[in-house]
Amino acid sequence: MDNQKIATVFGEIGDMLDIQGADFFRVNAYRRSAQVIEHLPHDLHDSYLRTGELEKIPGIGVELTKKIIELITRGRCEFHEELVASFPKGLLEMLHLRSVGPKKVKLFFGTLGISNLDQLKKAAATGQLRDLPKMGEKSESEILKAIEEYEQMPHGRRLLHVGMTEAQKILEYLRGCPEISLIQYAGSLRRGVETIGDVDILCAPKKMSDAAVGNIMDFYAKYDEISMIMNRGETKSSVLLKTGLQVDLRVLESKIFGAALHYFTGSKAHNIRIRDRAKHMGLKVSEYGVFKVAGEEETLVAGATEEEIFHSVGLPYIIPEMREDRGEIEYGLQFGTMPSVVEHDDLRADLHTHSRWSDGSEEIEDLAKAYKKAGFSHMALTDHSKLMGVTAGLTDERATEQWEEIDEINKELAPFRILKGSEVDILKDGSLDFSEKILKKLEVVNASAHLYHGLPEDEQTRRMLSAVTSGYVKILSHPTGRLINERKPIAFDMEAVFKACADHHVALEINSSPDRMDLNDTHVRLAKSLGCTFAINSDAHNSSHMHYLTYGVLTARRAWLTKEDIINTMSLKELLKYWKLK
Ligand code: DGT
Ligand code: CA
Ligand code: CA
Ligand code: ZN
């Protein structure tokens, strides 16, 4: 039972309790714990087996701790099973719809007996929902739209971080195989694409022989997380993990490892361009190497490393994130070198974080200490403003109280510094969800459009523009509001808003939270061409989310951003000066 599965169980309990009308704190305890567990850096099951007890996890109480132990030791949770059994199958899937939460599910089920998406769609299409309490023709057509949107989402593709987490675990397992000398993941995962179809892993034995390959494949087949071996060939095995994710393992000779890695990293479009270029040079490129072709004769000229492959066709090394045939080959040929894009270690701050003061699960002090310990020199604490009442947003008074606490912690942790910020909601009319008095005093205002996703495009654009040009906003947070596989981006005139951001020195956020990854790589490229600057933020709700930054960095690299494009690479001093703060 890994953390992901424990988190899923808790998330489902939270939803089911909510539908049952359980009290807010109980529901929230499960939801919050699910978030925390999902992103713990280590495996609870492993550490429980090792130490015989469950370590203290911040924000998780006695009742839930018992359930975690039950899940680990028995592989199931009786309470969860009882709840599931008490609901019709399909009921919970309705929760995935935009604009449908537990309250609506309860309403539809309780009044019309609607227990799955199909029934909901029929009811909406035949006008049965509009007369229910708090519904109307408009909300009914919203639901119909949400269902259509949901049906179009590519449910087969997994979030990048799911693939990355699984791939790291498999790599660690395979490193325990004594025959293997080289191992690396390839494919869309290595390119940092926001969703992945499957995981591709390549490895090479110390010494190639049929016996060595056989042993590696046997070792792989014994991996605990496999639910089914789909096919096992001589040098390739495809398996399905218990999470439903497909993983392909290929075994090849180390002298052509670079060629295979290049080929299977893709993208296909990039590979085709490389192959065409090679052809013109009298070369042949495949997963087996680069060959010089002379009549019938083919001689291997490159294969061991990716550098060799690129050099053999007259190109500098191109990082995986750029291999999309979006100009990288032309650039390499013209300049003989590639732009040096941002790296994770360039980041000195995280400028979007939450504490227990709103919907985070850690005290400010613990969060700040974790960032300091990880080597960051500053951070912005940006708890929600009051509109997000459900997640306990801050009022003017509580914001002022929070600053006193921050001042104390800053004294203790200096020279590390917490900047006093807030993730302020953009209200329907484009104004910001705090009084002028507070806005003036906040050091970092991140403006977010959390609500009103359904507004018409011109109204949405006006609303965003008015926030961006208010003079208070430093960062436009998760600008499109999308949730991958769940919610479409909001419709607004991107170019106009990005231009306004550039003009008013508002940085655009690259939100690194795995299900947001908002902006995506294409948006970022567009914004960069319009002169924008960026902030790569984790949107952490506790310190274990800090590692999300990795995903934002991948997006930035896919968009060719350099250190200079990103405000969190500035030192504290530089940033204070840039923002005219003391
Ligand atoms: P995915 O799995 O859908 O997220 O995307 P990829 O890019 O990982 O694609 P996948 O797993 O089908 O194949 C891995 C790589 O292998 C792909 O990026 C490029 C290479 N590849 C696969 N099929 C072809 C092909 O027909 N021609 C060329 N040139 N390369 C291919
Ligand atoms: Ca793949
Ligand atoms: Ca594949
Ligand atoms: Zn946030």
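Quick one: which of Lys411/Lys437; Lys169/Lys222; Lys268/Lys488; Lys440/Lys580; Lys372/Lys440; Lys386/Lys580 span more than 20 angstrom between C-alpha atoms? Numbers along the way, then the final one.
Working: Lys411/Lys437 25 Å; Lys169/Lys222 14 Å; Lys268/Lys488 27 Å; Lys440/Lys580 13 Å; Lys372/Lys440 27 Å; Lys386/Lys580 26 Å.
Pairs exceeding 20 Å: Lys411/Lys437; Lys268/Lys488; Lys372/Lys440; Lys386/Lys580.
In this label model, Thr235 and Lys268 are separated by 2.2 nm, measuring between points 7 Å along each Cα→Cβ vector.
With an 8 Å cut-off on Cα pairs and a minimum separation of 6 or more residues, tell me the relative contact order of segment 158-251 in percent. Could you put the intermediate results ahead of the total?
On the way: 151 pairs, mean separation 25.0, N = 94.
In percent, rounded to a whole number, it is 27.
If R0 is taken as 56 Å, the Cβ-Cβ distance between Glu63 and Arg275 corresponds to a FRET efficiency of 0.40. For segment 59-200, rounded, prolate or oblate, judged on the Cα gyration tensor with a ≥ b ≥ c (square roots of eigenvalues), a/c < 1.5 rounded, else prolate if a/b > b/c? Since a/c reaches 1.5 but b/c is at least a/b, the shape of segment 59-200 is classed as oblate. Solvent-accessible area of segment 344-578 (1.4 angstrom probe, protein heavy atoms only): carbon and sulfur portion equals 51 percent. Pick out the long, greasy-scoring helices in the chain: whole DSSP H runs spanning 20 Å or more along their own axis by Cα, mean Kyte-Doolittle at least 0.0. Counting only whole DSSP H runs, the qualifying helices are 3-20, 160-174.
If each residue of separation counts as 0.36 nm, what is the full-extension length gain between Asp503 and Asp46 once their alpha-carbon separation is subtracted? Don't jump to the answer; show the numbers that get you there.
Numbers: separation 457, 0.36 × 457 = 164.52 nm, distance 5.13 nm.
Using 0.36 nm per residue and subtracting the Cα-Cα distance, I get 159.4 nm.
On segment 1-155, 53 percent of the accessible area sits on carbon and sulfur atoms, based on a 1.4 Å probe.
Determine the calculated [θ] at 222 nm for the chain from helices alone, applying -39500 (n - 2.57) to every DSSP H run no shorter than 4 residues and normalising by the residue count; nearest 500 deg cm²/dmol.
Working: 23 runs with 250 residues, N = 582.
About -13000 deg cm²/dmol.
When the solvent-accessible area of segment 169-211 is split by element, carbon and sulfur atoms take up 48 percent of it, the probe being 1.4 Å. For the chain, the relative contact order works out to 10 percent when only alpha carbon pairs closer than 8 Å and six or more residues apart are counted. Legend: calculated FRET efficiency, Glu287 to Glu148, from the Cβ-Cβ distance at R0 = 35 Å, rounded to 0.05, equals 0.30. Working from Cα pairs under 8 Å separated by at least six residues, relative contact order for segment 257-335 is 32 percent.
In the context of the full set of protein chains, the chain has a per residue accessible area of 45 Å² (1.4 Å probe).
Once both labels are positioned 7 Å from their Cα atoms along Cα-to-Cβ, the gap between Glu172 and Thr243 label points is 1.2 nm.
Classify segment 317-461 as rounded, prolate or oblate, taking a ≥ b ≥ c as the square roots of the eigenvalues of its Cα gyration tensor: rounded when a/c is under 1.5, otherwise prolate if a/b is larger than b/c and oblate if not. Each step should come with its number before you reach the end.
Values: a/c = 2.91, a/b = 1.41, b/c = 2.06.
Cα axes put segment 317-461 in the oblate bin.
Give the residues of segment 1-31 whose amide nitrogen is closer than 14 Å to a point set 7 Å from the Cα of Ser86 in the direction of its Cβ. Output list for this probe position: 13-23, 27.
The values are calculated or read from the model by the stated rules, or taken from the named source; none is laboratory data. It should be emphasised that the depicted structure is a prediction, and the values quoted were computed from it without experimental measurement. A quick note on method: Cβ atoms are made from the backbone with ideal geometry, for glycine too, and the neighbour counts reach across all protein chains shown. Surface accessibility is based on the protein's heavy atoms, side chains included, excluding ligands, DNA and RNA. Shrake-Rupley method; radii C 1.70, N 1.55, O 1.52, S 1.80 Å.
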